[in-house]
1. Pairs, please: C-beta under 9 Å, at least 6 apart or cross-chain, first residue more than 7 Å from chain B (Cβ to nearest Cβ) and in region A:83-95, second crowded, with 24+ Cβ neighbours inside 10 Å and among the hydroxyl-bearing types (Ser, Thr, Tyr)?
2. State yes or no: is B:Asp66 of a type in the set (D, E, K, R) and under 22 Å from B:Met113 (Cβ atoms)?
3. Take A:Ala7 and tell me if it is of a type in the set (A, V, I, L, M, F, W, C), at pLDDT 95 or above and surrounded by fewer than 21 Cβ atoms within 10 Å (Cβ to Cβ).
4. So, restricting to strands (runs of 3 or more DSSP E) that lie completely within region A:47-155, which ones have at least 2 residues that are among the β-branched types (Val, Ile, Thr) and touching a helix residue (DSSP H, G or I) at 6+ places or on another chain (Cβ under 8 Å)?
5. When you check B:Leu42 against the structure, is it aliphatic (A, V, I, L, M), modelled with pLDDT of 95 or more, part of a helix (DSSP H, G or I) and surrounded by 16 or more Cβ atoms within 10 Å (Cβ to Cβ), yes or no?
6. If you go through region A:42-84 one residue at a time, how many are surrounded by 23 or more Cβ atoms within 10 Å (Cβ to Cβ), in contact with a Gly (Cβ under 8 Å, 6 or more places away or on another chain) and closer than 11 Å to A:Pro113 by Cβ?
7. Considering only region B:48-71, how many residues are within 14 Å of chain A (Cβ to nearest Cβ) and closer than 21 Å to B:Pro111 by Cα?
8. Only one of these conditions is not met by B:Arg74: (1) over 20 Å from A:Gly48 (Cβ atoms); (2) within 9 Å of chain A (Cβ to nearest Cβ). Which number is it?
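The values are calculated or read from the model by the stated rules, or taken from the named source; none is laboratory data. From a predicted model like this one, the values you see are computed outputs, not experimental measurements. Heads up, the Cβs are rebuilt from the backbone with ideal geometry, glycines too, and the neighbour counts pull from every protein chain shown.
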Amino acid sequence: MPDKTTALLFRTAVLTFEELGFLLPSEEVDARQAAAAPSAMVSLDFVGPFAGTLLLRLYGDLLPELASNMLGEEEAPPLQEQLDALGEVTNVICGNLLPAIAGREQVFDLGEPRVAAGASPADDADFGELRAETVVGLAGGRAELSLYVRAEVKV
Amino acid sequence: MSLNVLIVDDSSVMRTMIKKTLKLSGLPVGEIFEAENGAVALERLDEHWMDLALVDINMPVMNGIDLIEEIRRRPAIADLVIMVVSTESSETRIEALRNMGVDFVHKPFTPEMIKQKIENLTGVCADAGQDDSPAVPDSGPDF
């Protein structure tokens, strides 16, 4: 059974992909989704009662569908806008997740999403202590989310 | 009467989503301006009359909180109707925003949420009919 933080991370990601990306996430990841190649990665730093990074790795050819869904267009926008769309998804997940963990009275400041296509050197970066991670099945791919905490501030 | 709207968000995709929502809402929207941060938003406000600003919180260069504080300090635009469209979930910060005379829509939003909030804030209804004239008060802004 996942701990509370992991459950919140999964639920927040599912709701965001559903409501913002108009995708149908699944808890189970099938063989095709598991074998999908990396397509993009986003890291988003935050500070507040605790500081850290939310990391989202996207696998499979999902960026065009995600961006065109968000924009209500049949054709996918240019890659830069596709990456921007994924950055906004990560921003919404993080903005909803942190108060759900820390309490609605707490204030967090989010940084700018750093988005990179494909594999990124940031894969090897030290993001701090891993507090929660989850996987969401999405069409022909998946999203892996990891919540890292670097510093905890006593409030 | 049509509303000139300023959309302030560092995500171009989000700005496009909000713009489409406005156009589909049936609200009498005039010109729509965009800014990717608070500093650019202030330039747009210097250049054009706005009836409504839809503002994100977390942005580089100048964030939404600093932008709103600056707007409220400037007599010519201090009364601008502002709606924050953000992932912000902190009740502390939302209450602080409301104390600055700002309403709030949470991301992810539905088009209906945006439409209803704008109707409530501006008193302009979706069925008000299209009119090209911006909603500038008769007396004009007090520059």
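1. A:Val89/A:Thr16; A:Thr90/A:Thr16; A:Ile93/A:Thr16
2. Judged against the criteria, B:Asp66 is not a match.
3. Numbers: of a type in the set (A, V, I, L, M, F, W, C): yes; at pLDDT 95 or above: yes; surrounded by fewer than 21 Cβ atoms within 10 Å (Cβ to Cβ): yes.
Criteria met by A:Ala7.
4. Strands (runs of 3 or more DSSP E) meeting the threshold: A:129-138.
5. Taking the combined requirement at face value, the residue satisfies it.
6. 1
7. Residues flagged as within 14 Å of chain A (Cβ to nearest Cβ) and closer than 21 Å to B:Pro111 by Cα within region B:48-71 amount to 2.
8. With (1) over 20 Å from A:Gly48 (Cβ atoms); (2) within 9 Å of chain A (Cβ to nearest Cβ) applied to B:Arg74, the lone miss is (2).
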